[in-house]
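Enquirer: Following this message is one structure expressed as structure tokens.
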Amino acid sequence: MPELPEVETVRRVLEPALVGARILHAEIVDPRLTRPFDPGIVAAELVGERVTAVGRRGKYLLVVLGPGRVLLVHLRMTGSFRVAPRASLPADAHRRALLRLDNGLDVAYRDLRRFGTWELLEPVDVEPHLADRLGPEPFARVVTGRWLSDRVARRRAPLKAVLLDQRVVAGLGNIYVDEALWRARLHPARPAASLDAADGARLVRAMRAALRVGIDRQGATLRDYAAPDGREGTMQDEFHAYGRSGEPCSRCRAPLERTVVAGRGTTFCPRCQPAP
């Protein structure tokens, strides 16, 4: 599933293509994309709107329209965009939607697994909708070591499971949690409530460092992910933990191990990240 760096990469590519453009035609061919709302009605609502901004909140893309309405896009496992000059995109059995813009570009949305969602929100609904689902951004000033340790103080679940909860900190998924925990030298199965302010500060620095590398490398290209301009990210070449079970730790050279935490495959260093 695309995480914060992958979604931020998508946002950065979409922004110059969309901002300032008016939607001349919208086609949504998959009713699951806008469920429970009729895709034809949602498409009709988009026609004529001018895009004023393209934002990101956690793993969500926010396409801001003229009157302040927002098309909220969640890519989930295999959602992706493609941008190309009008009528130049090849036929695609996995295309779920198409936006035709007055600047001569087409923006296609494809989704192999069909788990992605589009929601058209009125201005007054945007912030409450996001606040119900997301904690602060990892780079937000409020996210400090003390704040994080207080935030998880009553959580007995494993630390990795708590970090995957988008209501704690938004944007982290399986990849960047593994990478952050490796950088912070914290075991993924450690009880979250055991985190003190010093541990929290180390973890906040580690999260931010892993995410910055991911953004700089335009995300990790695993399976279906690619940016809207077709470029593939290279974060997979920078992994210290995720997916490297059995390989030597790049810090201490001990073999990395794989376990399952919160139902997710998890890679860690048994020497650098001692068990609780």
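None of the figures in this text is laboratory data; all of them are computed from the coordinates on show. On a predicted model such as this, the values are computed, not experimentally measured, just so you know. Note: ideal-geometry Cβ built from the backbone for every residue, glycine included; neighbour counts use all protein chains shown.
Enquirer: Rank Trp147, Trp182, Trp118 by mean-square fluctuation in a GNM of the chain with C-alpha springs under 10 angstrom and give only the top-ranked residue.
Expert: Top of the fluctuation ranking is Trp147.
Enquirer: Further question: Output the DSSP H helices from the chain with an along-axis C-alpha extent of no less than 24 Å and a mean Kyte-Doolittle hydropathy no less than -1.0.
Expert: Membrane-span-like by this rule: 197-216.
Enquirer: Right, next: Work out the length of the dipole vector of region 145-268 about its Cα centre, built from +1 on the beta-carbon of each Lys and Arg and -1 on the beta-carbon of each Asp and Glu, and round it to the nearest 20 debye.
Expert: The dipole of region 145-268 has a size of about 540 debye.
Enquirer: In addition: Length gain on complete extension for the stretch Arg251 to Arg50, per 0.36 nm per residue less the alpha carbon to alpha carbon distance?
Expert: Separation in residues times 0.36 nm, less the Cα-Cα distance, equals 67.4 nm.
Enquirer: Please order Val261, Val29 by the number of other Cβ within 10 Å, starting at the fewest. Walk me through the numbers on the way to the answer.
Expert: Values: Val261 22, Val29 13.
Least crowded to most crowded, the residues run Val29, Val261.
Enquirer: Roughly speaking, what is the centre-to-centre gap between region 1-69 and region 150-220 when only Cα atoms are used, to the nearest Å?
Expert: Cα centres, region 1-69 to region 150-220: 29 Å.
Enquirer: Choose one answer from Val169, Val83, Val19: the residue with the largest mean-square fluctuation in a GNM of the chain with alpha-carbon springs under 10 Å.
Expert: Sorting by GNM fluctuation, first place goes to Val19.
Enquirer: May I pose another question? Just name one of Gly263, Ala197, Ala180: the one whose Cα is farthest towards the positive end of the charge dipole of the chain (beta-carbon charges, Lys/Arg +1, Asp/Glu -1).
Expert: Value computed over the given set: Ala197.
Enquirer: Just from its helices, what would the mean residue ellipticity at 222 nm be for the chain, if runs of 4 or more DSSP H residues each count -39500 (n - 2.57) and the sum is divided by every residue, rounded to the nearest 500 deg cm²/dmol?
Expert: Using -39500 (n - 2.57) per qualifying helix, the result is -8500 deg cm²/dmol.
Enquirer: Okay, moving on. Per residue of region 53-64, in order, report the coupling 6.51 cos²θ - 1.76 cosθ + 1.60 (Karplus, θ = phi - 60°) as ³J(HN,Hα) in whole Hz, putting x for Gly and Pro.
Expert: 6, 10, x, 9, 9, x, 9, 8, 9, 10, 9, 8
Enquirer: Among Asn103, Val51, Met1, whose Cα sits farthest toward the positive end of the charge dipole of the chain (+1 at Cβ of Lys/Arg, -1 at Cβ of Asp/Glu, about the Cα centre)?
Expert: Met1
Enquirer: Connecting C-alpha atoms closer than 10 Å in a GNM of the chain, tell me which of Ala209, Ala140, Ala254 has the biggest fluctuation.
Expert: Ala140
Enquirer: Given a cut-off of under 8 Å on Cα pairs at least six residues apart, what relative contact order in percent is computed for the chain?
Expert: The normalised contact order for the chain reaches 18 percent.
Enquirer: If you don't mind, there's one more thing I want to ask. Counting only other residues whose beta carbon sits under 14 Å from that of His187, what net charge do I get with K and R as +1, D and E as -1? The partial results should precede the final answer.
Expert: Details: positive: Lys160, Arg183, Arg185, Arg190, Arg202, Arg258, Arg271; negative: Asp178, Asp199, Glu257.
Result for the local shell: +4.
Enquirer: Given the convex hull over the Cα atoms of the chain, what projected area results after averaging over all orientations, in nm²? Show your work: numbers first, answer last.
Expert: Working: hull surface 58.2 nm².
Its average projected convex-hull area is 14.5 nm².
Enquirer: Please get the size of the charge dipole for the chain, origin at its Cα centre, with Cβ charges of +1 on Lys and Arg and -1 on Asp and Glu, quoted in debye to the nearest 20.
Expert: 980 debye
Enquirer: What ranking do Leu18, Leu101 get, fewest neighbouring Cβ atoms within 10 angstrom at the top?
Expert: Ordered from fewest to most neighbouring Cβ atoms within 10 Å, Leu18, Leu101 come out as Leu101, Leu18.
Enquirer: Under a plain spin-label model, where a point goes 7 Å from the Cα along Cα-to-Cβ, how far apart in nm are Asp125 and Val19?
Expert: So the two model labels end up 2.6 nm from each other.
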